[in-house]
Amino acid sequence: MLILGIETSCDETAAAVVEDGKKILSSVVFSQDIHAEYGGVVPELASRDHIRNIIPVVKRCLFDAAVSLRDLDAIAVTQSPGLIGSLLVGLSFAKSLAFSLNIPFLAINHLEGHIYANFLTYPELDSPLLGLIVSGGHTDLIVIDERGQYQLLGSTLDDACGEAFDKVGNLLGLSYPGGPAIEELARGGNADAIPFPLGRVKNYDFSFSGLKTAVLYYLNDLSEAEREEQRADVAASFQKIAVRMLLKKSVKAIQETKIMKIAVSGGVSANDFLRDRFFREAKKEGFTVYFPDKQLCTDNAAMIAACGYDHYKKGERASFSIKANPTEDIY
Ligand code: KG4
Ligand code: ZN
């Protein structure tokens, strides 16, 4: 069974063809570069760019998969959460295409899509397991009771982890998105150079805004020359504490729930320093950690198509009257 996935919830215009929820025949991701000069995503520009890109991206994806529109069995599209204008482009496009081809379409939650990035990478991964979604908009620690059944343990009280990387990237004069740029800069820095504070938050919740402010104050106290000299140390020290916060709450959840598996996903899970810290801790504490293939960490449509397959198998079909929802969650 062939599902065309479509993802336009933020600033990536993406399409993918996935067979039987497991095999990626093609996956095309167009990352909009028009936002770099603004230091963050400009919603109005994002939706206009999706309109320009959606048809070429879908055409390219069908071409790469060597399938035609008539071969498709269903379309899965991100319907929530995200930027409303961006979601609307993908959803309206998917509805129209499904209607014209007379095939079903499935409305997918972006966060559930991120969870499925791990199921795509490890098709045999069984539940229950813990999930940590770390992206530009979310930092959620969850229990995955089974595919489609999720409980929220905790989430960020302020900035999302990826958002903190982006904002600190801005402070360091790096271009958007800051996450990959900080990771790169941090490779040449000393992660123990600056003792940034680990925010204190109760239970399974997270906080990153105190850390971000600490970086701001630290940089403000430096001369121009000192700033330049310490950039890599600041990046490495910030990254270490941000990852420590994620690890601390994840280990707490593992110890308290006794669920010895955790699947990390979302854009920040592409970070090698984070991966290394989790793998080391897993070895020490005796749990198993899973990460999606790198290209499935950041926004893509293959994870949406894979998620759509399970929804389809359960008999779900979206109505053509369904609306884009900027905030809906899955817990
Ligand atoms: O999942 P994603 O593509 O989009 C959202 O759903 O938000 O995540 C994007 C976020 C951005 O904040 C970006 O800076 C961060 O993921 N990110 C990274 C890395 N790659 C992307 N953060 C740290 N290290 C990376 N290598
Ligand atoms: Zn995402």
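The values are calculated or read from the model by the stated rules, or taken from the named source; none is laboratory data. Please read these numbers as outputs of a predicted model, since none were measured by experiment. Here the Cβ is made from the backbone with ideal geometry for all residues, glycine too, and neighbour counts use every protein chain on show. Note: areas computed on protein heavy atoms with side chains; ligands, DNA, RNA excluded. Shrake-Rupley method; radii C 1.70, N 1.55, O 1.52, S 1.80 Å.
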For the chain, calculated [θ]222 nm from helices alone, where every DSSP H run of n ≥ 4 adds -39500 (n - 2.57): -14500 deg cm²/dmol
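How much of the accessible area of the chain, probe 1.4 Å, is carbon plus sulfur, in whole percent? Provide the component values of the computation, followed by the final result.
Details: 7250 of 14390 Å².
That fraction is 50 percent.
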Across the stretch 308-315, in residue order, what do the Karplus-derived ³J(HN,Hα) couplings come to in whole Hz, using 6.51 cos²θ - 1.76 cosθ + 1.60 with θ = phi - 60° and x for Gly and Pro? x, 4, 5, 5, 4, 4, 7, x
List the residues, sorted by chain then number, that are 5 or more residues from residue 263 or on another chain and whose placed amide H is less than 5 Å from its amide H. 130, 131, 132, 290
Excluding residue 104 itself, what net charge comes from residues whose Cβ is under 10 Å from its Cβ, given Lys and Arg +1 and Asp and Glu -1? -1
For the stretch 66-171, what does the alpha-carbon gyration tensor say about shape, rounded, prolate or oblate, given a ≥ b ≥ c as the root eigenvalues, a/c under 1.5 as rounded, and a/b over b/c as prolate? oblate
Order the peptides 168-176, 10-18, 311-319, 132-140 from the highest to the lowest mean number of other Cβ atoms within 10 Å of their residues. 10-18, 132-140, 168-176, 311-319
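In debye, nearest 20: dipole of the chain around its Cα centre with unit charges on the Cβ of K, R (+) and D, E (-)?
Details: 33 positive and 43 negative charges, 138 e Å.
Here the size comes out at about 660 debye.
Taking a ≥ b ≥ c as the square roots of the eigenvalues of the Cα gyration tensor of the stretch 91-227, is the shape rounded (a/c under 1.5), prolate (a/b larger than b/c) or oblate? Intermediate results must be reported in sequence, preceding the final value.
Details: a/c = 2.65, a/b = 1.80, b/c = 1.47.
It is prolate, given that a/c is not under 1.5 and a/b is the larger ratio.
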Counting only heavy atoms of protein chains, what accessible area per residue, in Å², does the chain have with a probe of 1.4 Å? 43 Å²
List nothing, just return the count: lysine pairs in the stretch 127-292, 8 or more apart or interchain, with Cα separation under 16 Å. 22
Straight-line reach from residue 323: which lysines have a Cα under 23 Å away, not including same-chain ones fewer than 8 places off? 95, 313, 314
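In the stretch 108-164, which GluC sites (Glu not before Pro) fall in coil by DSSP and have 13 or fewer other Cβ atoms within 10 Å? Could the numbers behind the result be given before it?
On the way: sites: 112, 124, 146, 163; in loops: 124.
In loop regions of the stretch 108-164 (DSSP not H, G, I, E or B), the sparsely surrounded GluC sites (Glu not before Pro) are 124.
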